[in-house]
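Q: Let me begin by handing over the structure; questions about it come next.
The values are calculated or read from the model by the stated rules, or taken from the named source; none is laboratory data. What you see is a predicted model; the values in this text were computed from it and never measured. Glycine gets a Cβ as well: all are built from the backbone with ideal geometry, and neighbour counts include every protein chain shown. For accessibility, only protein heavy atoms count, side chains too; no ligands or nucleic acids. Shrake-Rupley method; radii C 1.70, N 1.55, O 1.52, S 1.80 Å.
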Amino acid sequence: MIDDVRQAREAGLARVAAATSSDELRSVDAEVLGKKGPLSGLKTRLGGSPVEERKTVGQAINEAITAVQAALDARSAALGAEQTAARIAAERLDLTEVVGRQRRGHPHLSTQAWERLEDVFVGLGFQVAEGPEVETDFYNFEALNMPRSHPARSGFDTLFTDYHDDGTVLLRTHTSPVQIRVMQQIAPPIYMVMPGKVFRRDTPDATHMPVFHQIEGLVVDRNITMAHLAGTIDAFTKAFFGSGFSSRLRPNYFPFTEPSAEFDIRRPDGTWIELGGCGMVHPNVLRAGGLDPEVWSGFAFGFGIDRMARERHGVDDLRDMFSNDIRFIEQF
Ligand code: DAH
């Protein structure tokens, strides 16, 4: 019987050595060391043997199993390394060639959308402003009609800094705080768009990133109505997407606007994309910006820039846009 063990051991080791892929190795593992394998069979047979033989042969079987297992592990590691090396070789990108040919880069997909959006709004008579990415609670929430206890705050998944008192300094969760900064700094009439980076405590998935881009719009003038808002959104939609697209407003709630709406864009095929929020600037927000709501009225809107880029270029997964894989980025 000891010869049978030796034979099973040698056969097992030979099969491990001959395996050329991880898949093959997995089946060798199952066939040689599995319940129906030769070594298990020998163990079963051993049950009926005399005590002396059970001891020596049993030990030999266990050693054989250990030896085959060790060979499997070593072969598996070697094959894994080979496969990784092969993949690296196959996916190798010669960046020195790019530099050598003086091929220039180009703006990222999101930057392109950002710049195009600015162009479209400048064409409609707007100016462009930017605000800080690290904000205070006052600008991000309080001045936007969201006092400390306001339930809408919890919808923002805010990242706070540990600077200053707890909860007072944060990474802005939207571009809306720039509305307040603009109102405090320039006198109406205001026709302004405010693009920028925003942050939320979110796990990345196909449609969400913890860091993303928004563009905010603010108009403050005399006698501004909801009709001006709807007309602006529609003019922007056609300028950005093309004349085959149109827009609609749907009632919604935001603390900083009253009334508030969500706006959707209609594709030429009749399907709708939810794009962003908008509404008439709340009197408390005008006051926080230092303006008299009896004299001035306005509208505001805000939406995601990356989403627009994704929509225009038919990108399925938002994460692809930010993984910096040149083979993806290069296409746009
Ligand atoms: N700040 C909102 C958000 O991030 C979007 C928004 C809604 C902006 C309505 C606005 C507005 O200016 O009027 O979800």
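Q: Using the Cα centre of the chain as the reference point, and only Cβ charges (+1 on K/R, -1 on D/E), how large is the resulting charge dipole? Debye, rounded to the nearest 20. Write out the running numbers ahead of the final one.
A: Working: 36 positive and 46 negative charges, 141 e Å.
About 680 debye.
Q: Would you calculate the volume per residue, in Å³, of the smallest convex hull containing every Cα atom of region 4-148?
A: 303
Q: Now for a different question. Give the cross-link partners of Lys43 among the lysines, using a straight C-alpha distance below 19 Å as the criterion and excluding same-chain residues fewer than 8 apart.
A: Filter leaves Lys35, Lys55.
Q: If you don't mind, there's one more thing I want to ask. Could you give the length gained by full extension between Gln69 and Ser27, i.e. 0.36 nm per residue of separation minus their alpha carbon distance, to one decimal place? Could the numbers behind the result be given before it?
A: On the way: separation 42, 0.36 × 42 = 15.12 nm, distance 1.31 nm.
Taking 0.36 nm per residue and subtracting the Cα distance, the gain is 13.8 nm.
Q: Which trypsin sites (Lys or Arg not before Pro) in region 33-119 pass both tests, a DSSP loop state and at most 12 other beta-carbon atoms within 10 Å?
A: Lys35, Lys36, Arg92, Arg101, Arg103, Arg104
Q: Could you work out what % of the accessible surface of region 109-329 is carbon and sulfur, using a 1.4 angstrom probe and leaving DNA, RNA and ligands out of the count?
A: 51
Q: How far is the Cα center of region 141-155 from the Cα center of region 44-92, in Å?
A: About 62 Å separates the Cα centre of region 141-155 from the one of region 44-92.
Q: In nm, give the distance between the simple-model label positions of Thr207 and Asp165, each being 7 Å from the Cα along the Cα-to-Cβ direction.
A: The two pseudo-label positions are separated by 3.9 nm.
Q: A follow-up question, please. Just by accessible area at a 1.4 angstrom probe, what is the order of Asp306, Asp269 from largest to smallest? Mind dumping the intermediate values first?
A: Values: Asp306 5, Asp269 110 Å².
Most to least solvent-accessible, the answer reads Asp269, Asp306.
Q: Right, another one. How much length is gained if the chain between Glu82 and Arg6 is pulled fully straight, taking 0.36 nm per residue apart and subtracting their Cα-Cα distance, in nm to one decimal?
A: Extra length available between Glu82 and Arg6 comes to 24.3 nm.
Q: Next question, about the same structure. Distance between Cα centroids, region 283-322 to region 114-132: provide it in whole Å.
A: 12
Q: Using DSSP to define loop residues, name the GluC sites (Glu not before Pro) in region 130-235 whose beta-carbon has at most 14 other beta-carbon atoms within 10 Å.
A: Hits after loop and neighbour filter: Glu130, Glu133.
Q: Also: If you roll a 1.4 Å probe over region 2-91 with all protein chains in place, what percent of the accessible area is carbon or sulfur? Write down the numbers at each step before the final one.
A: Numbers: 3180 of 5700 Å².
So the carbon and sulfur contribution to the accessible surface is 56 percent.
Q: For region 145-182, which trypsin sites (Lys or Arg not before Pro) are both in a DSSP coil and crowded by at most 13 other Cβ atoms within 10 Å?
A: Of the trypsin sites (Lys or Arg not before Pro), the ones in loops of region 145-182 whose Cβ has at most 13 other Cβ atoms within 10 Å are Arg148.
Q: Express the accessible area of region 2-91 per residue in Å², computed with a 1.4 Å probe while the remaining protein chains stay in the model. Provide the component values of the computation, followed by the final result.
A: Working: 5700 Å² over 90 residues.
Value returned for region 2-91: 63 Å² of accessible area per residue.
Q: On to the next question. Length gain on complete extension for the stretch Ala17 to Phe328, per 0.36 nm per residue less the alpha carbon to alpha carbon distance?
A: That pair, Ala17 and Phe328, stretches by 108.0 nm at full extension.
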